[in-house]
Amino acid sequence: MYNISLKNLPFGVHTYEYELDRKFFEAIDGDEVRKGNVSVTVTVKRTSSTFECNFNLKGVVQVPCTRCLDDMNQEVESQNRLIVKFGKEYSEESDEIVIIPEDEGEINIAWFLYEFVALSIPIKHVHPVGECNRAVSAKFRKHRAVTVDEEGEDDVVTEEEDFPDEEEEQTNDPRWDTLKGLNIDEN
């Protein structure tokens with residue numbers, strides 16, 4: 001289904017459309033994405049012995065939230081390019097150039113589609129404010145880092161987003177309290 005026969009493709013531009021759904025992501029069995037719904041348009045432009053493939057992807061995938069690990073919808077959109085050439089054996093010359101065996105004359109783009117989707121997911125993906133799993137958010141707040149500034153006041157190091165409607169609780173580890181009284185400058 002994701003094979004494009006290039007050997008007998010006439011010169012010019014050819015368009016292919018795909019819908020990447022849950023079955024696609026389960027069949028690929030990648031680490032990043034297990035579910036989603038992504039529309040793909042592939043245009044293949046053939047010149048003498050080179051095929052320029054342009055991929056336009058747009059849709060939504062389900063990924064685990066970086067903060068609470070619950071599944072969340074993440075919009076993805078990307079434009080990618082792949083140059084395909086004929087050669088003796090399959091090889092990936094670079095991120096954009098692929099050599100396929102001329103006697104086979106076709107390329108399977110399924111893994112490329114998956115990689116393009118996975119690479120369009122931001123490194124940090126979190127639920128909108130207030131939608132994270134409350135139990136995990138409470139644990140996160142309980143164990144967040146606390147530092148003491150120069151005036152001796154607690155300064156909480158947190159993520160950019162806050163957890164609304166949750167109890168503001170700052171606790172210090174009492175084992176460190178005795179160290180606060182040490183005067184290090186006397187040495």
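Once the chain from I97 to T15 is taken as fully extended at 0.36 nm per residue, the excess over their C-alpha distance is 27.6 nm. Counting Lys and Arg as +1 and Asp and Glu as -1 over every other residue whose Cβ lies under 13 Å from the Cβ of V76, the net charge comes to -2. Extension gain for D71-I184 works out to 35.9 nm (0.36 nm per residue, less the C-alpha to C-alpha distance). Please give me the summed charge of the neighbours of L9: other residues whose Cβ is under 14 Å from its Cβ, Lys and Arg +1, Asp and Glu -1. My count for the surroundings of L9 gives 0.
Stretching Y90 away from K142 to a fully extended chain increases their span by 13.5 nm, per 0.36 nm per residue minus the current alpha-carbon distance. The order of C53, C65, going from fewest to most other C-beta atoms within 10 Å of their C-beta, is C65, C53.
Taking other C-beta atoms within 10 Å as the exposure proxy, S137, S49 rank S49, S137 from fewest upward. With a Förster radius of 41 Å applied to the C-beta separation of N3 and H125, the computed FRET efficiency comes to 0.85.
Every number here is computed from the coordinates shown, using simple stated rules; none is lab data. Bear in mind that the values here come from a model prediction, so they are computed numbers and not experimental data. Cβ atoms come from the backbone with ideal geometry, glycine included; neighbour counts cover every protein chain shown.
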